Amino acid sequence: MKNKLKYFYSYTPLIVFLILVLFFARQLILKEDPSELPSVLIDEKFPSIILSELVGYKVFSNKNLINANGPSLVNIWSSWCVPCKVEHEYLMSMSNNYNIIIYGINYKDNKEDALKVLDLNGNPFYAIGADQDGMQSINLGVYGVPETFIIDRDGNIRYRHVGPILEYDMEKIILPIINKIKQERL
Amino acid sequence: MTTIIKFIFCFFIISNSVLADTNNKAAYELYKELRCLVCQNQSLLESNAPLALDLKKVVMDKIELGQSKNEIKKFLVDRYGEFILLKPKYSIQNILLWLGPILFLLIGFFVTFVFLRKQSMYKEEPLPLTNEEENSLKKILDNNVS
């Protein structure tokens with residue numbers, strides 16, 4: 001009996017090692033970005049924010065998000081943000097091919113630069129509000145542009161995407177959630 | 001008259017700077033306890049990321065409005081989650097986080113205690129020599145002496 005126990009003890013390093021392997025493998029296989037934060041605002045009302053106008057474009061407020069006809073996206077972008085340029089074509093696609101209403105928040109940007117980008121690359125937004133000093137976006141818990149929120153009919157935040165929306169994100173994450181919201185009250 | 005005005009003026013300057021000092025101190029303490037969400041293991045105090053500068057401004061503005069440290073922390077936690085606090089809250093969810101190290105220390109003490117006790121238990125006293133052994137020992141010793 002005593003010997004058996006000793007036998008078992010000699011395996012402890014191996015057991016500890018295997019536990020560590022499992023621990024690390026989980027992170028490797030799931031490929032979650034540990035620096036990506038979950039939003040605390042999921043299933044909460046979209047916080048009230050006050051945005052200024054970008055000349056020539058419709059501005060929006062919280063009123064637009066509440067009692068809407070369908071789900072909408074709120075995308076935080078800026079002309080100086082490189083990943084925003086990457087996701088731009090997918091925003092265009094969602095706006096044009098899937099008829100999704102996208103509201104843009106122009107984050108800490110020079111308004112002229114923002115207008116130039118919209119002229120040059122096209123405008124995927126239904127309406128745009130500018131947050132020039134970045135203080136309004138703090139209410140949204142924004143910590144890195146681009147970020148995209150999916151809002152349901154009642155103005156509740158259902159999902160937050162941090163970083164650019166790529167093809168995979170659009171098809172496998174954003175569109176399925178939007179379809180799910182669309183079917184909720186049919 | 002002028003001396004009185006001067007005196008009042010000085011008083012204002014001093015009281016203002018004292019106020020600014022206490023505000024700065026409160027802000028400094030808060031900056032140290034809040035996480036920069038861009039460079040995630042730095043505090044706001046250490047970080048110069050644009051978002052960190054904005055958050056510092058928010059904190060400073062709120063302190064100047066007379067809000068307490070807890071109110072400001074709650075404001076930020078409501079928006080960014082508990083992750084923004086570098087020092088986790090003392091709450092039921094975090095109990096393992098806070099008591100874990102003590103728990104492991106106690107486990108370590110326990111294991112050491114059991115191990116040492118076992119060792120001292122198995123330390124057997126040598127059996128006294130039998131008569132036969134005693135005789136042969138004597139023989140060997142005698143032989144060596146002669």
The condition of being surrounded by 10 or more Cβ atoms within 10 Å (Cβ to Cβ) and more than 30 Å from A:L41 (Cβ to Cβ) holds, among B:L30, B:L129, B:L51, only for B:L129
Filtering region A:60-77 for residues that are aliphatic (A, V, I, L, M) and modelled with pLDDT of 95 or more leaves a count of 3
Restricted to region A:43-59 and to residues being over 22 Å from the mean Cα position of the chain (by Cα) and among the hydrophobic types (A, V, I, L, M, F, W, C), the residue nearest to the other protein chains (Cβ to nearest Cβ) is A:L54
Taking region B:72-94 and keeping residues free of Cβ contacts under 8 Å to residues at least 40 places away in the same chain and either under 13 Å from A:L37 (Cβ atoms) or exposed (fewer than 14 other Cβ atoms within 10 Å of the Cβ) (or both) leaves B:K74, B:V77, B:R79, B:G81, B:E82, B:P88, B:K89, B:Y90, B:S91, B:I92, B:Q93, B:N94
Within region A:114-149, residues being away from chain B (no Cβ under 14 Å) and farther than 16 Å from A:E36 by Cβ number 17
Taking region B:84-134 and keeping residues modelled with pLDDT of 90 or more, closer than 30 Å to A:I138 by Cα and either in contact with a Pro (Cβ under 8 Å, 6 or more places away or on another chain) or within 14 Å of chain A (Cβ to nearest Cβ) (or both) leaves B:I84, B:L85, B:W98
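Here is a yes/no grid of residues against (1) surrounded by fewer than 14 Cβ atoms within 10 Å (Cβ to Cβ); (2) modelled with pLDDT under 90:
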| site | (1), (2) |
| --- | --- |
| A:L18 | yes, no |
| A:L28 | yes, yes |
| A:S39 | no, yes |
| A:F46 | no, no |
| A:K58 | yes, no |
| A:S79 | no, no |
| A:M94 | no, no |
| A:G104 | no, no |
| A:L120 | yes, no |
Margin query: Can you say whether B:K69 is within 14 Å of chain A (Cβ to nearest Cβ) and surrounded by 11 or more Cβ atoms within 10 Å (Cβ to Cβ), as far as the supplied structure shows?
Written below: no
Whether any residue in region B:48-58 is within 25 Å of the chain's Cα centre (by Cα), among the aliphatic types (A, V, I, L, M) and at pLDDT 90 or above is what I want to check. yes
Among residues of region A:81-92 being under 22 Å from A:L51 (Cβ atoms) and in contact (Cβ under 8 Å) with a residue 40 or more places away in the chain, the residue surrounded by the most Cβ atoms within 10 Å (Cβ to Cβ) is A:L91
Those residues of region A:55-79 that are under 15 Å from A:E147 (Cβ atoms) and either part of a loop (DSSP other than H, G, I, E, B) or basic (K, R) (or both) come to a total of 1
Inside region A:1-54, the number of residues satisfying the requirement of being closer than 30 Å to A:M135 by Cα and outside any loop (DSSP other than H, G, I, E, B) is 2
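The values are calculated or read from the model by the stated rules, or taken from the named source; none is laboratory data. Predicted, not measured: the structure shown is a model, and the values here were computed from it. Using ideal geometry, Cβ is built from the backbone for each residue, glycine included, and neighbour counts are taken over all protein chains shown.
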